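Please treat every number below as a calculation from the coordinates, not as lab data. This structure is a prediction, so every number in the text was calculated from the model and none was measured. Don't worry about glycine lacking a Cβ; one is built from the backbone with ideal geometry, like all the others, and counts go over all protein chains shown.
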Amino acid sequence: MTAAEEKTQDVLSPEEFRQRALAIETEIAQVIVGQRELIRQTVITLLAGGNALLEGVPGLAKTTLVRTLADVIDCSFSRIQFTPDLMPADIVGTTLISEDESGHKTFRFEPGPIFANLILADEINRATPKTQSALLEAMQEHTVTVAKTIHRLESPFFVLATQNPLEMEGTYPLPEAQLDRFFFKILIPFPTAADLVEIANRTTGARMPQVRKVANAATILAMQRLARSVPIASHVLAYAARLITATHPEDKDAPAVTRQYVRYGASPRGMQALILAGKIMALLDGRYNVAFADLRQAALPALRHRVILNFEAQAEGVAPDDIVRQVVESVRAE
């Protein structure tokens, strides 16, 4: 890449941001049939510099989604299949003893699969908590520490983890601290009959769908910087704060459903996710200011995994989505 190209990609206009993001979505849609909301929320998470947790039954193209995204933005891709016997060193890498031609032995770090731009952590809840925790530093700090040496991961860095909601035997639920590090939790619905027909047409014929590279790492980093520069009015910021506090049962203004069914509410990271997602949604809509509607639209994927329910909610079959929806309805925008 020339210096002129780097300078051009370092500063993007809001319209260029919108056109590039829509181009990324369009190319992904060449491979992923339907699932517009899944594609949009995944792109928002990438442009926010966050990580996504996908939940859906097997066979819904979760791996294909991440691999296609990596192809479209011309970034490196790595897939880690989580199993009960997976060890932290299998993810982050390990220090080996190497010997040169003269017989001199030295320690050499061999990077693990975490050293890529886009990481698919497949069935993350099948690994033990010790192995799951190996991702925490990478997801939050974009670094890996091995043998007291800190190794920085290349930017952009994006973890997309999946978990199967059906088969719970032999799985280890993610702890709240790790769930909180996911920017969005995205639920993947089963395709409609029409989408199933289109999937069959695209994947069982002689020609497979092909995508174009419409961005690169420098472009994504420039888009991330622009997203953070979008202004947000003080009253909209206050609305986001009220949404978060309304998920806490001890708050005096919390709705009745929160006080009855919620054990712990959303963390400050939940508010950060709301605001960053709102900024990106505004840019995608051609606006340079965050609206109340942007925060309401981001509430479900940003908060559903940050609201911890009590035993009564579990016994009565109340889901986190039910709580978040009622919180959004109860909090006035003013």
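Using a cut-off of 27 Å between Cα atoms, the listed pairs 130/213; 252/279; 148/185; 130/252; 213/279; 105/148 include 130/213; 252/279; 148/185; 130/252 as exceeding that distance.
For a quick check: with amide H placed at 1.01 Å from N, whose amide H comes under 5 Å from residue 174's, ignoring anything fewer than 5 positions away on the same chain? Distant-sequence amide H within range of residue 174: zero hits. Using Stokes-Einstein with the Kirkwood hydrodynamic radius over Cα pairs, what translational diffusion coefficient do you get for region 148-227 at 20 °C and a viscosity of 1.002 mPa s, in µm²/s rounded to a whole number? Stokes-Einstein gives a translational diffusion coefficient of 121 µm²/s.
Add +1 for every Lys or Arg and -1 for every Asp or Glu among the other residues with Cβ under 12 Å from the Cβ of residue 282, and state the total. So the environment of residue 282 carries a net charge of +1. Note on the chain: with a GNM built from Cα contacts shorter than 10 Å, the maximum mean-square fluctuation among 53, 226, 86 falls on 86.
Which one, 61, 22, 109, projects farthest toward the positive side of the charge dipole computed for region 1-149 from Cβ point charges (K/R +1, D/E -1)? Farthest towards the positive end: 61. Considering only beta bridges that DSSP places wholly inside region 88-238, some 75 percent are antiparallel.
Only helices enter this figure: runs of n ≥ 4 DSSP H residues, each worth -39500 (n - 2.57), summed and divided by the residues of the chain, yield -13500 deg cm²/dmol at 222 nm to the nearest 500. Taking the DSSP beta bridges with both ends in region 115-204, the antiparallel portion is around 50 percent. With the Kirkwood sum run over all distinct C-alpha pairs, region 134-286 has a hydrodynamic radius of 19.9 Å. Rg over Rh for the chain works out to 0.99, using Cα positions for both radii and the Kirkwood form for Rh. Couplings 3J(HN,Hα) for region 258-273, derived from phi with the Karplus relation 6.51 cos²θ - 1.76 cosθ + 1.60 (θ = phi - 60°), are 5, 5, 7, 10, 9, 8, 9, x, 5, 8, x, 4, x, 5, 4, 5 Hz, where x marks Gly and Pro.
Positive-end ranking of 172, 151, 94 along the dipole of region 84-197, with charges on Cβ about the Cα centre, is headed by 151. Rounded to the nearest whole Hz, the Karplus-based 3J(HN,Hα) values (6.51 cos²θ - 1.76 cosθ + 1.60, θ = phi - 60°) of region 303-313 follow the sequence 10, 4, 9, 9, 9, 9, 8, 8, 5, 4, 5, with x at glycine and proline. Report the antiparallel proportion of the DSSP beta bridges in the chain as a percent, rounded to a multiple of 5. Rounded to the nearest five, the antiparallel share is 45 percent.
Starting from the alpha-carbon convex hull of region 57-103, give the projected area averaged over all orientations, in nm². Directional mean of the projected Cα hull area for region 57-103 stands at 6.2 nm². Whole-percent P(r), region 1-154, all Cα pairs, 10 Å bins from 0: 9, 32, 31, 20, 7, 2.
Taking the Cα centre of the chain as origin and assigning +1 to Lys and Arg Cβ atoms and -1 to Asp and Glu Cβ atoms, the resulting dipole is close to 580 debye.
Residue 268 sits among other residues whose Cβ lies under 11 Å from its own Cβ, and their net charge, with Lys and Arg +1 and Asp and Glu -1, is +1.
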